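The values are calculated or read from the model by the stated rules, or taken from the named source; none is laboratory data. Remember, it's a predicted structure, so these values are computed and weren't measured experimentally. A quick note on method: Cβ atoms are made from the backbone with ideal geometry, for glycine too, and the neighbour counts reach across all protein chains shown.
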Amino acid sequence: MKLTDREQDGIVILEPKGKIMGGPDASLLHDKLHEYIEINKTKIIIDLNKVDWMNSTGLGILISSYTTLKNNSGELKLANVTEKIKSLLVITKLEGVFDTHETIEDAIEAYKK
Amino acid sequence: MKKPTISGNKIIVPSDPEYLNDVDVFIEGILRGYGADESIIADIAISVSELVNNAMLHGNNSEINKAVEVSIDNKNNKVEIVIYDNGAGFNPDDIDNPLDDSNLLKEVGRGIFIVKSLMDSVNIESTSQGTKVTIEKAI
């Protein structure tokens with residue numbers, strides 16, 4: 001997995017790419033998220049557009065991100081959730097946990113409301 | 001063992017998640033050779049990654065000298081994959097239901113549930129000498 005990050009309108013956008021399956025690169029997302037929380041950047045969108053698939057390790061990272069941000073008065077939004085990941089969220093009953101949006105722009109707009 | 005070894009339709013890797021990608025590349029390559037569609041390849045790849053991760057971390061307790069063995073076969077367009085470890089074994093009935101409200105926000109504990117959801121069949125044989133998991137999926 002590769003990870004890029006950027007800011008738009010004061011909101012952090014994390015863009016993982018590839019497969020999130022565990023191993024050394026799985027901590028990249030977790031560590032980057034915590035770097036932003038430490039500097040009080042707690043409005044974060046994870047763009048899943050370029051994630052081929054993830055397993056339960058990936059779901060665990062999303063849950064960890066969700067709870068960590070919630071505990072730091074922040075909020076996590078997911079954007080561009082692919083069909084494969086959406087079906088995993090459905091079968092694990094996690095679709096009701098995460099705030100998901102069709103596009104990055106939709107997720108940013110949701111933060112402004 | 002220090003690195004993955006491939007022999008025919010079998011890959012053997014040390015118990016280190018660093019090698020999950022080697023298993024994935026091996027399995028996906030063979031599935032594409034079988035002509036499986038990409039959605040089914042993803043379902044199988046997700047399942048194999050779950051089981052190999054479990055075998056490395058929970059079965060072999062991350063002992064690098066213990067190997068995880070993965071073999072794949074195509075029987076009349078039904079793919080059978082077998083994953084072995086040499087760990088102390090586990091009782092699948094001891095796994096909490098990840099759909100219970102009290103477990104929903106736990107970061108771990110969904111792997112076997114996801115595999116059972118994605119595969120046509122899952123068979124777990126676990127003893128104190130190791131665990132053998134066999135999964136099947138029509139392609």
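Within region A:66-84, can you find the residues that are closer than 22 Å to residue A:103 by Cβ, more than 10 Å from chain B (Cβ to nearest Cβ) and in a helix (DSSP H, G or I)?
A:69
Checking the condition more than 8 Å from chain A (Cβ to nearest Cβ) and more than 17 Å from residue B:115 (Cα to Cα), which residue from B:13, B:48 passes?
Only one candidate qualifies: B:13.
Taking region B:115-129, which residues are modelled with pLDDT of 95 or more and either within 14 Å of chain A (Cβ to nearest Cβ) or surrounded by 15 or more Cβ atoms within 10 Å (Cβ to Cβ) (or both)?
B:115, B:116, B:117, B:118, B:119, B:122, B:124
Residue-wise test of (1) within 12 Å of chain A (Cβ to nearest Cβ); (2) of a type outside the set (Gly, Ala, Ser); (3) under 13 Å from the mean Cα position of the chain (by Cα).
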site	(1), (2), (3)
B:64	no, yes, no
B:72	no, yes, yes
B:77	no, yes, no
B:83	no, yes, yes
B:96	no, yes, no
B:103	yes, yes, no
B:109	yes, no, no
B:113	yes, yes, yes
B:133	no, yes, yes
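Right, residue A:26: closer than 23 Å to residue B:58 by Cβ, in contact (Cβ under 8 Å) with a residue 24 or more places away in the chain and either crowded, with 18+ Cβ neighbours inside 10 Å or within 13 Å of chain B (Cβ to nearest Cβ) (or both) or not?
In short, yes.
Give the number of residues within region A:38-63 that are part of a helix (DSSP H, G or I) and crowded, with 19+ Cβ neighbours inside 10 Å.
Applying the first criterion (part of a helix (DSSP H, G or I)) to region A:38-63 yields A:38, A:56-63.
The next check asks that each one be crowded, with 19+ Cβ neighbours inside 10 Å; those that pass are A:56-63.
Of the residues in region A:38-63, 8 are part of a helix (DSSP H, G or I) and crowded, with 19+ Cβ neighbours inside 10 Å.
Being within 14 Å of chain B (Cβ to nearest Cβ) and buried (at least 16 other Cβ atoms within 10 Å of the Cβ): is that true of residue A:100 here?
Taking the combined requirement at face value, the residue does not satisfy it.
Out of B:97, B:65, which single residue is farther than 26 Å from residue B:41 by Cβ and either free of Cβ contacts under 8 Å to residues at least 40 places away in the same chain or hydroxyl-bearing (Ser, Thr, Tyr) (or both)?
Going through B:97, B:65 in turn, the sole match is B:97.
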